[in-house]
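Peer 1: Provided herewith is a single structure, encoded as structure tokens, for subsequent inquiry.
The values are calculated or read from the model by the stated rules, or taken from the named source; none is laboratory data. Computed from a predicted structure; not experimentally measured. Positions of Cβ are generated from backbone atoms using ideal geometry, with glycine treated the same way; all protein chains shown enter the neighbour counts. Side chains are part of the model used for accessible areas, which takes the heavy atoms of the whole protein and leaves out ligands, DNA and RNA. Shrake-Rupley method; radii C 1.70, N 1.55, O 1.52, S 1.80 Å.
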Amino acid sequence: MPAAPPDDRPALHVENVDVTYGRALSALRSVSLTVPHGGVVTLLGANGAGKTTLLRAVSGTLRLHRGAITGGRIRYGDTVLDGKDPVAAVRAGVVQVPEGRRVFAGLSVDENLRSGGLGLGRRGRAQVREARARVFALFPRLAERTHQAAGLLSGGEQQMLAIGRALMAAPRLLLLDEPSLGLAPQMVHRIAEVIREINAQGTAVLLVEQNAGMALSLADHAHVLEVGETRLSGPAGELARTDAVRRLYLGEAAEDQGAA
């Protein structure tokens, strides 16, 4: 299991980070945030605001998309995350569930889950069994479909599998990119419940989510990104009551504040 950072430090500290794609496209400019141990932080913003880019920078997958950190620093405990080494991020305890689920369609549910711990090197069988049991306790449907090909699962079941695969690496910080995208309302509610349960078990969460109502209900703290820069930041409950967030992300008119 990855070593935990000292308790007197945040789980994640992003300090004035700049990210560029190619040689010219600036995707993030001086973005900072902190995820406390056991906390939930959410990123809101329109498409292209830089939310996914920030997750890629933290998870070490920027280089796969021809991006690079060109300024600032990302630190998880004593580990500096450079945006280009996903294995180092996983070993530090940071794991991303990408947008679109991206399960291995031709592999079984069980094979997908076992792939989740490959970046950690050798692990005791007891640890693997413990992680697998945790996944099946959260997602009983996966336990019922262990030998089924992942490509034959429903969209909601594939999202469960993608989250379960990430949990096999025993993350201390889970990065979730649009976990409710394309799901029916009932499944969105179930995914929200699972995120709460994962967090209650001690895993910190950095959440990107277009469903702002869901995201703000789960989070302790929220940041709003616009065109690669932080425009708003604060406790999630307070931001949910601001006119800008209610109008742009919750679909409410400012004059409706206090109604119902």
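Peer 1: When you check Gly71 against the structure, is it part of a strand (DSSP E or B) and surrounded by fewer than 17 Cβ atoms within 10 Å (Cβ to Cβ), yes or no? Let's see the steps before the verdict.
Peer 2: Working: part of a strand (DSSP E or B): yes; surrounded by fewer than 17 Cβ atoms within 10 Å (Cβ to Cβ): yes.
So Gly71 fits the description; yes.
Peer 1: Working only within segment 150-172, note down all residues that are of a type in the set (A, V, I, L, M), in contact with a helix residue (DSSP H, G or I) (Cβ under 8 Å, 6 or more places away or on another chain) and more than 15 Å from Glu197 (Cβ to Cβ). Explain how you work it out, then say what you get.
Peer 2: Within segment 150-172, the subset of a type in the set (A, V, I, L, M) is 150, 152-153, 160-163, 166-170.
Next cut, in contact with a helix residue (DSSP H, G or I) (Cβ under 8 Å, 6 or more places away or on another chain) only: 150, 153, 160-161, 163, 167-170.
Once the filter is applied, which keeps residues that are of a type in the set (A, V, I, L, M), in contact with a helix residue (DSSP H, G or I) (Cβ under 8 Å, 6 or more places away or on another chain) and more than 15 Å from Glu197 (Cβ to Cβ), segment 150-172 yields Ala150, Leu153, Leu161, Met168, Ala169, Ala170.
Peer 1: Kindly indicate whether any position in segment 43-52 is surrounded by fewer than 15 Cβ atoms within 10 Å (Cβ to Cβ), closer than 29 Å to Met214 by Cα and among the small types (Gly, Ala, Ser).
Peer 2: The answer is yes; a qualifying residue exists.
Peer 1: Let me ask you something else. Under 9 Å between Cβ atoms, at least 6 apart or on separate chains: pull out the pairs that start in segment 187-204 with a residue that is without any contact (Cβ under 8 Å) to a residue 40 or more places away in the chain and closer than 20 Å to Pro36 by Cα and end on any residue that is among the hydroxyl-bearing types (Ser, Thr, Tyr) and open to solvent by 10 Å² or more (accessible area, probe 1.4 Å).
Peer 2: Ala192/Ser180; Ala192/Ser217
Peer 1: What is the number of the single condition among (1) out of contact with any Gly (no Cβ under 8 Å at 6 or more places or on another chain); (2) in a helix (DSSP H, G or I); (3) over 16 Å from Thr42 (Cα atoms); (4) not aliphatic (A, V, I, L, M) that Arg246 does not meet?
Peer 2: Among (1) out of contact with any Gly (no Cβ under 8 Å at 6 or more places or on another chain); (2) in a helix (DSSP H, G or I); (3) over 16 Å from Thr42 (Cα atoms); (4) not aliphatic (A, V, I, L, M), Arg246 violates only (3).
Peer 1: Sticking with this one: Report, by residue number, each residue of segment 75-111 that is touching a residue at least 60 places away in the same chain (Cβ under 8 Å), surrounded by fewer than 22 Cβ atoms within 10 Å (Cβ to Cβ) and closer than 20 Å to Val208 by Cα.
Peer 2: Arg75, Pro98, Glu99, Gly100, Arg102
Peer 1: What is the residue count in segment 53-68 for residues that are over 13 Å from Thr20 (Cα atoms), open to solvent by less than 20 Å² (accessible area, probe 1.4 Å) and touching a Lys or Arg at 6+ places or on another chain (Cβ under 9 Å)?
Peer 2: Residues meeting the conditions: 1.
Peer 1: Is there any pair with a first residue in segment 112-136 that is modelled with pLDDT under 90 and a second that is assigned to a helix (DSSP H, G or I) and open to solvent by 60 Å² or more (accessible area, probe 1.4 Å) whose Cβ atoms are under 7 Å apart and which are 6 or more apart or on different chains, and what are they?
Peer 2: Taking only residues 6 or more apart or on different chains, the pairs are Gly119/Val87; Gly119/Arg91; Leu120/Arg91.
Peer 1: Could you check segment 128-226 for helices (runs of 4 or more DSSP H) lying wholly inside it with 3 or more residues that are open to solvent by less than 20 Å² (accessible area, probe 1.4 Å)? Break it down stepwise before answering.
Peer 2: Numbers: elements: 140-144, 155-167, 185-200, 212-218.
Correct list: 155-167, 185-200, 212-218.
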